[in-house]
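The numbers here are math on the coordinates, done by the rules we state, and not lab data. The structure displayed is predicted, hence computed values, not measured ones. In this analysis, Cβ positions are derived from the backbone assuming ideal geometry, glycine residues included, and neighbour counts consider all displayed protein chains.
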Amino acid sequence: GAGVSQTPSNKVTEKGKYVELRCDPISGHTALYWYRQSLGQGPEFLIYFQGTGAADDSGLPNDRFFAVRPEGSVSTLKIQRTERGDSAVYLCASSLMIGGNEQFFGPGTRLTVL
Amino acid sequence: SQQGEEDPQALSIQEGENATMNCSYKTSINNLQWYRQNSGRGLVHLILIRSNEREKHSGRLRVTLDTSKKSSSLLITASRAADTASYFCATDGQAGTALIFGKGTTLSVSS
């Protein structure tokens with residue numbers, strides 16, 4: 001079956017704009033994770049969902065960041081009033097269930113805020 | 001915050017040589033995983049080792065885990081140019097939820 005997909009693959013925006021990043025997890029995976037990776041660093045956790053609910057959003061850097069997963073499948077990461085420091089690769093991953101399982105990663109969305 | 005720390009940060013070897021990367025972490029874990037990343041994009045899962053396991057093999061990969069030292073190592077034997085990538089260890093806490101990654105080791109294998 002298809003792996004995790006993310007759209008767009010690249011997004012260039014201007015400071016202050018709103019962006020949405022989409023993640024399509026592997027069908028049947030109940031857990032979905034968002035990570036952010038800056039150049040030269042490992043991925044950093046943002047938020048994860050178990051089904052439709054955000055089980056842990058402690059990694060979101062501030063209230064400009066928000067994510068939803070309304071039907072327990074596709075998820076959208078939303079960033080308001082983007083700042084240059086938001087530039088990074090945003091990675092989505094899914095796993096069959098929470099905890100102790102391999103996470104399957106998408107190719108990421110490279111966000112550049114000018 | 002990042003829990004895992006890989007060592008070395010960068011490693012350059014010749015094809016056919018073995019590559020060893022180490023990872024240290026800070027808190028108790030349920031399991032530890034190693035991932036590979038090419039060109040700064042999606043990560044590929046390599047191997048998962050549980051906290052009650054000491055060694056695991058998968059093809060040319062060998063992973064060890066020492067929970068008393070809070071450390072793990074990844075050995076790639078008979079390396080190939082295609083192994084050139086960044087390698088990350090990732091741990092989950094006792095809650096077993098999101099992964100915490102280190103900064104990675106950049107491996108370069110020249111032919």
Specify the residue that is surrounded by the most Cβ atoms within 10 Å (Cβ to Cβ); the eligible residues are those in the range B:4-48 that are more than 11 Å from the chain's Cα centre (by Cα) and charged (D, E, K, R). B:ARG41
Report, ordered by the first and then the second residue, all pairs with beta carbons closer than 7 Å, sequence separation of six or more or different chains, a first member in the range A:30-45 that is more than 7 Å from chain B (Cβ to nearest Cβ) and over 13 Å from A:PHE105 (Cα atoms), and a second member that is of a type in the set (A, V, I, L, M, F, W, C) and in a strand (DSSP E or B). A:SER38/A:ALA88
Taking the range B:27-55 only, how many residues are among the charged types (D, E, K, R), farther than 17 Å from B:TYR87 by Cα and within 14 Å of chain A (Cβ to nearest Cβ)? 2
Going through the range A:34-44 one residue at a time, which ones are surrounded by fewer than 22 Cβ atoms within 10 Å (Cβ to Cβ) and assigned to a loop (DSSP other than H, G, I, E, B)? A:SER38, A:LEU39, A:GLY40, A:GLN41
Please give the strands (runs of 3 or more DSSP E) falling wholly within the range A:45-112 in which 2 or more residues are under 16 Å from A:HIS29 (Cβ atoms). A:53-56, A:88-95
Looking at this structure, is A:PHE49 more than 10 Å from chain B (Cβ to nearest Cβ), more than 24 Å from B:GLN37 (Cβ to Cβ), surrounded by 13 or more Cβ atoms within 10 Å (Cβ to Cβ) and aromatic (Phe, Trp, Tyr)? no
Residues A:ALA54, A:ALA93: which one is over 22 Å from B:ARG41 (Cα atoms) and within 14 Å of another protein chain (Cβ to nearest Cβ)? A:ALA54
Would it be correct to say that A:GLY28 is surrounded by 15 or more Cβ atoms within 10 Å (Cβ to Cβ) and either assigned to a loop (DSSP other than H, G, I, E, B) or of a type outside the set (Lys, Arg) (or both)? no
If we scan the range B:70-87, do we find a residue that is touching a strand residue (DSSP E or B) at 6+ places or on another chain (Cβ under 9 Å) and within 12 Å of chain A (Cβ to nearest Cβ)? yes
Return a yes/no flag: does the range A:60-78 have any residue that is out of contact with any Ser or Thr (no Cβ under 6 Å at 6 or more places or on another chain), at the interface with chain B (Cβ under 10 Å from one of its Cβ atoms) and closer than 22 Å to B:LYS103 by Cα. no
Can you confirm whether B:SER79 is of a type in the set (Ser, Thr, Tyr), buried (at least 17 other Cβ atoms within 10 Å of the Cβ), in contact (Cβ under 8 Å) with a residue 60 or more places away in the chain and more than 25 Å from A:SER94 (Cα to Cα)? yes
